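Peer 1: Once you've had a glance at the structure underneath, I'll fire off some questions.
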Amino acid sequence: QVQLVESGGGLVQPGGSLRLSCAASGSIFRIYAMDWYRQAPGKQRDWVAGITSIGSTNYTDSVKGRFTISRDNAGKTVYLQMNSLKTEDTAVYYCNATRAPNDYWGPGTQVTVSP
(Lines give C-alpha, C1' and ligand atoms only; values in the text may rest on other atoms or scores of the structure.)
Protein backbone atom coordinates (compact mmCIF):
# COMPACT_ATOMS: atom_id res chain seq x y z
CA GLN A 1 0.00 0.00 0.00
CA VAL A 2 1.24 3.48 -0.93
CA GLN A 3 -0.17 6.80 0.22
CA LEU A 4 0.62 9.88 -1.86
CA VAL A 5 0.24 13.57 -1.01
CA GLU A 6 1.00 16.35 -3.48
CA SER A 7 2.04 19.88 -2.52
CA GLY A 8 3.53 22.99 -4.08
CA GLY A 9 0.66 24.14 -6.25
CA GLY A 10 -0.54 27.71 -6.36
CA LEU A 11 -1.10 30.81 -8.46
CA VAL A 12 1.72 31.98 -10.72
CA GLN A 13 2.02 34.41 -13.61
CA PRO A 14 2.84 33.22 -17.13
CA GLY A 15 6.56 32.62 -17.45
CA GLY A 16 6.89 31.78 -13.78
CA SER A 17 7.96 28.59 -12.06
CA LEU A 18 6.61 26.16 -9.50
CA ARG A 19 7.97 22.96 -8.00
CA LEU A 20 5.47 20.27 -7.12
CA SER A 21 6.28 17.59 -4.59
CA CYS A 22 4.67 14.22 -4.03
CA ALA A 23 5.44 12.59 -0.71
CA ALA A 24 4.93 8.85 -0.47
CA SER A 25 4.50 6.65 2.55
CA GLY A 26 3.79 3.03 3.19
CA SER A 27 5.49 0.64 0.84
CA ILE A 28 8.90 0.41 -0.81
CA PHE A 29 8.95 3.65 -2.78
CA ARG A 30 11.99 2.92 -4.92
CA ILE A 31 10.35 0.03 -6.80
CA TYR A 32 7.49 2.13 -8.12
CA ALA A 33 7.32 3.99 -11.39
CA MET A 34 6.13 7.52 -10.63
CA ASP A 35 4.13 9.78 -12.92
CA TRP A 36 2.52 13.18 -12.92
CA TYR A 37 -0.85 13.72 -14.56
CA ARG A 38 -3.01 16.81 -14.85
CA GLN A 39 -6.67 17.54 -15.37
CA ALA A 40 -7.98 20.88 -16.56
CA PRO A 41 -11.61 21.88 -15.91
CA GLY A 42 -13.95 19.99 -18.20
CA LYS A 43 -11.17 17.86 -19.69
CA GLN A 44 -9.83 14.37 -19.20
CA ARG A 45 -6.87 13.58 -17.01
CA ASP A 46 -3.70 13.60 -19.12
CA TRP A 47 -0.26 12.17 -18.50
CA VAL A 48 2.47 14.82 -18.10
CA ALA A 49 5.73 13.14 -17.10
CA GLY A 50 7.09 9.90 -15.73
CA ILE A 51 10.18 8.49 -14.06
CA THR A 52 10.94 4.79 -13.78
CA SER A 53 12.31 2.99 -10.74
CA ILE A 54 15.80 3.33 -12.22
CA GLY A 55 15.45 7.01 -13.08
CA SER A 56 14.58 7.06 -16.76
CA THR A 57 12.34 10.00 -17.59
CA ASN A 58 9.80 10.85 -20.26
CA TYR A 59 7.55 13.82 -20.98
CA THR A 60 4.54 14.73 -23.00
CA ASP A 61 5.50 16.95 -25.92
CA SER A 62 3.83 20.10 -24.59
CA VAL A 63 6.09 20.25 -21.51
CA LYS A 64 9.40 19.04 -22.94
CA GLY A 65 12.16 21.53 -22.19
CA ARG A 66 10.03 23.26 -19.53
CA PHE A 67 9.24 20.57 -16.93
CA THR A 68 11.64 18.24 -15.14
CA ILE A 69 10.65 15.20 -13.12
CA SER A 70 12.97 13.79 -10.49
CA ARG A 71 12.83 11.46 -7.52
CA ASP A 72 14.48 11.12 -4.12
CA ASN A 73 14.15 7.49 -3.12
CA ALA A 74 15.62 8.02 0.34
CA GLY A 75 13.12 10.79 1.00
CA LYS A 76 10.28 8.94 -0.76
CA THR A 77 9.46 12.01 -2.80
CA VAL A 78 8.99 12.76 -6.47
CA TYR A 79 9.22 16.28 -7.84
CA LEU A 80 7.99 18.16 -10.87
CA GLN A 81 9.91 21.34 -11.58
CA MET A 82 7.80 23.50 -13.87
CA ASN A 83 9.41 26.47 -15.63
CA SER A 84 8.15 28.90 -18.27
CA LEU A 85 4.61 28.20 -17.22
CA LYS A 86 1.78 28.97 -19.62
CA THR A 87 -1.91 29.60 -19.01
CA GLU A 88 -2.65 26.25 -20.64
CA ASP A 89 -0.72 24.52 -17.84
CA THR A 90 -3.54 25.42 -15.45
CA ALA A 91 -4.92 22.20 -14.00
CA VAL A 92 -5.08 19.97 -10.97
CA TYR A 93 -1.86 17.97 -10.90
CA TYR A 94 -1.92 14.40 -9.63
CA CYS A 95 0.87 12.08 -8.57
CA ASN A 96 0.66 8.40 -9.49
CA ALA A 97 2.63 5.37 -8.30
CA THR A 98 2.53 2.17 -10.32
CA ARG A 99 3.90 -1.32 -9.94
CA ALA A 100 1.66 -3.85 -11.60
CA PRO A 101 -0.95 -4.73 -10.59
CA ASN A 102 -1.04 -1.85 -8.08
CA ASP A 103 -1.83 1.73 -8.95
CA TYR A 104 -2.08 4.60 -6.46
CA TRP A 105 -3.13 8.26 -6.74
CA GLY A 106 -2.78 11.35 -4.61
CA PRO A 107 -5.62 13.85 -4.07
CA GLY A 108 -4.04 16.45 -6.36
CA THR A 109 -2.77 20.01 -6.12
CA GLN A 110 -4.13 23.00 -8.04
CA VAL A 111 -1.84 24.94 -10.36
CA THR A 112 -3.22 28.17 -11.79
CA VAL A 113 -1.25 30.19 -14.32
CA SER A 114 -2.83 33.60 -14.81
CA PRO A 115 -1.68 37.19 -15.49
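The values are calculated or read from the model by the stated rules, or taken from the named source; none is laboratory data. Because the structure is a prediction, the values reported are computed rather than measured. So basically every Cβ, Gly included, is an ideal-geometry build from the backbone, and we count neighbours across all protein chains shown. The accessibility values were calculated without ligands, DNA or RNA, using every heavy atom of the protein model including side chains. Shrake-Rupley method; radii C 1.70, N 1.55, O 1.52, S 1.80 Å.
Peer 1: Excluding ligands, DNA and RNA, what is the solvent-accessible area per residue of the chain at a probe of 1.4 Å, expressed in Å²? All intermediate terms of the calculation are to be shown ahead of the outcome.
Peer 2: Working: 5930 Å² over 115 residues.
Roughly 52 Å² per residue, with all protein chains present.
Peer 1: Under a Cβ-Cβ cut-off of 15 Å, what is the net charge of the residues other than Val92 that fall near it, where Lys and Arg count +1 and Asp and Glu count -1?
Peer 2: Here the count lands on -2.
Peer 1: Given the options Lys43, Lys76, Lys86, state which has the largest fluctuation in a GNM of the chain using a 10 Å cut-off (strictly under) for Cα springs.
Peer 2: Lys43
Peer 1: Between Lys86 and Thr60, how many nm apart are label points set 7 Å from Cα along the C-beta direction?
Peer 2: So the two model labels end up 1.2 nm from each other.
Peer 1: Please work out how much accessible surface Ser53 shows to a 1.4 Å probe, ignoring ligands, DNA and RNA, in Å² rounded to 10.
Peer 2: 50
Peer 1: Give me the percent of the accessible area of the chain that comes from carbon and sulfur atoms, probe 1.4 Å, all protein chains in place. Show your work: numbers first, answer last.
Peer 2: Values: 2860 of 5930 Å².
Carbon-and-sulfur percentage of accessible area, whole number: 48.
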